[in-house]
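A.B. asks: Here it is, the structure, as structure tokens.
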Amino acid sequence: MDQFGYLVDEITALRTVVDGLPDEILGGRPEPDALTMKELYGAIATLDAEVRRTRVDRIVDEEEPDLAPVDVDAEVYDAGWNDRAIDDILQEVKGARRALTERLETLPLDAWHRAATLEDETLTLFGLVHRMTKNDFQRLRDLGYRLHGAHLSEDDEPLPT
């Protein structure tokens, strides 16, 4: 749970870097089909608020839920995240993560052993939250690589390592 909730601290720490980035970097696509930095954050907010919370509730409330896969990147791609201020996006991510973490913290121990099916795989709630954490790690790693590779100086030098 600590690692899952750590995203809130991570966003707070990154805010000083991200707040100063030009919109061309925050809203720019490194490749035509890749999500922008704003959309990557938007994907986490969307997942936490609209997908993950529902999945948790279904696992807790239903006997054998069958969870449908979600292509959050496709949803986020056209959801207008690039039109929003980065501060608003980061606030939404933090709020969605806090709400989901608080929900998970209220669950009794036996709820963590309840299972659901996702794409022909049986997952316990613990396994699902572990998968969520790994998925977030990938998105945050992508954001880190983008920050590292951003050419922010007038000399067009990459950020130091």
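The values are calculated or read from the model by the stated rules, or taken from the named source; none is laboratory data. No experiment lies behind these values; they were computed from the predicted model shown. These accessible areas exclude ligands, DNA and RNA; they are computed on the full protein's heavy atoms, side chains included. Shrake-Rupley method; radii C 1.70, N 1.55, O 1.52, S 1.80 Å.
A.B. asks: Enter the accessible area per residue of the chain (Å², integer; probe 1.4 Å; all protein chains in place).
C.D. replies: On the way: 9210 Å² over 161 residues.
That works out to 57 Å² per residue.
A.B. asks: Given H placed 1.01 Å from N in the peptide plane, which residues other than close sequence neighbours of R114 have an amide H under 5 Å from its amide H?
C.D. replies: Amide H neighbours of R114: L125.
A.B. asks: Sticking with this structure for a sec: Can you give me the % of accessible surface on segment 1-132 that is carbon or sulfur? Probe 1.4 Å, all protein chains present, nothing else counted.
C.D. replies: The C+S portion of the solvent-accessible surface of segment 1-132 is 47 percent.
A.B. asks: Expressed as a fraction of 2.2 N^0.38 Å, the rule-of-thumb size for a compact globular protein of N residues, what is the C-alpha radius of gyration of segment 5-98? The partial results should precede the final answer.
C.D. replies: On the way: Rg = 14.8 Å, N = 94, 2.2 N^0.38 = 12.4 Å.
Ratio of Cα Rg to 2.2 N^0.38 Å: 1.19.
A.B. asks: What does the convex hull of the Cα atoms of the chain come to per residue, in Å³, rounded to a whole number?
C.D. replies: Cα convex hull per residue, to the nearest whole number: 117 Å³.
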